[in-house]
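Colleague: The structure that follows is given in the form of structure tokens.
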Amino acid sequence: MINSFDNLTVIQFPEIQKDDFITVQKKYLQVILLNISLTFTVFLVAAIIVDFTNLWNLKNSIFWVYTVLCVFFGGVTIVYFLGFKTRMYLVRDKDISYKSGLFFKKLTTVPFNRIQHLEIDQGPFSKLFQLASLSVFTAGDSSDDLKIAGISLVDAEKIKEFISQKIDG
């Protein structure tokens, strides 16, 4: 029995054009800022309660607690704001891609023949702005392999339907 195995060298790679990517909805930045503001408010209220009830006797260092809190959430807001424009997605005939990242750039591409499940999610603030997140699941992992947050609910449903037809067909 002759075992022939060919492993040919790839010379040309398929390109993903930068211009083809679609940015997420600008309204999603408001959702991000609302989530950060809500979290900041919870931490600020907790700090105020600790301050006024003298729960941990932080009289000498409470100024630094407030300062660290403000600097931390200010920094997080700036990073999300600057990194927002890097969130883009692309749906092609045989795969879906998502790229993001300000400091650490990430590009994830999932071929349709690997997709097991698609899910559309809406949080309370996303629902307010008619936005959704599309999660793509492949076999062998319990978490989503690709998640596109901040697209319109209508677009998420269209993409899900398109991919579902490609998988079934």
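Colleague: Of the conditions (1) in a helix (DSSP H, G or I); (2) farther than 26 Å from Asp144 by Cβ, Leu82 satisfies every one except a single condition; which number is it?
Modeller: Failing condition for Leu82: (2).
Colleague: Okay, next question. Within the bounds of region 73-85, is there any residue that is in contact with a strand residue (DSSP E or B) (Cβ under 8 Å, 6 or more places away or on another chain) and surrounded by 12 or more Cβ atoms within 10 Å (Cβ to Cβ)?
Modeller: Yes, the conditions are met somewhere in region 73-85.
Colleague: Give me the residue from region 1-20 that is without any contact (Cβ under 8 Å) to a residue 60 or more places away in the chain and under 31 Å from the mean Cα position of the chain (by Cα) and, out of that set, least open to solvent (accessible area, probe 1.4 Å).
Modeller: Step by step, filter region 1-20, then rank; the result is Gln17.
Colleague: Could you tell me whether any residue of region 37-55 is modelled with pLDDT under 95, outside any helix (DSSP H, G or I) and over 30 Å from Phe104 (Cα atoms)?
Modeller: So far as region 37-55 goes, yes, one or more of its residues are modelled with pLDDT under 95, outside any helix (DSSP H, G or I) and over 30 Å from Phe104 (Cα atoms).
Colleague: Right, another one. If Leu34 satisfies all but one of (1) under 30 Å from Thr67 (Cα atoms); (2) part of a loop (DSSP other than H, G, I, E, B), what's the number of the condition it fails?
Modeller: Every condition holds for Leu34 apart from (2).
Colleague: Pull up region 21-31, narrow it to residues that are in a loop (DSSP other than H, G, I, E, B) and not basic (Lys, Arg), then point me to the one that is surrounded by the most Cβ atoms within 10 Å (Cβ to Cβ).
Modeller: Val24
Colleague: Show the residue pairs that are 6+ apart or on different chains and have beta-carbon atoms under 9 Å apart, the first residue being within region 54-79 and under 16 Å from Thr39 (Cα atoms), the second being surrounded by 11 or more Cβ atoms within 10 Å (Cβ to Cβ) and charged (D, E, K, R).
Modeller: As it stands, the answer is Val65/Asp51; Tyr66/Asp51, since those pairs meet every condition given.
Colleague: If you don't mind, another one. Which condition breaks for Phe112 when tested against (1) in contact with an Asp or Glu (Cβ under 7 Å, 6 or more places away or on another chain); (2) under 14 Å from Gln25 (Cα atoms)?
Modeller: So Phe112 meets the others, but not (2).
The values are calculated or read from the model by the stated rules, or taken from the named source; none is laboratory data. Keep in mind the model is a prediction, meaning the values are calculated, not measured. Positions of Cβ are generated from backbone atoms using ideal geometry, with glycine treated the same way; all protein chains shown enter the neighbour counts. We work out accessible area using only protein heavy atoms, side chains counted, and drop any ligands, DNA or RNA first. Shrake-Rupley method; radii C 1.70, N 1.55, O 1.52, S 1.80 Å.
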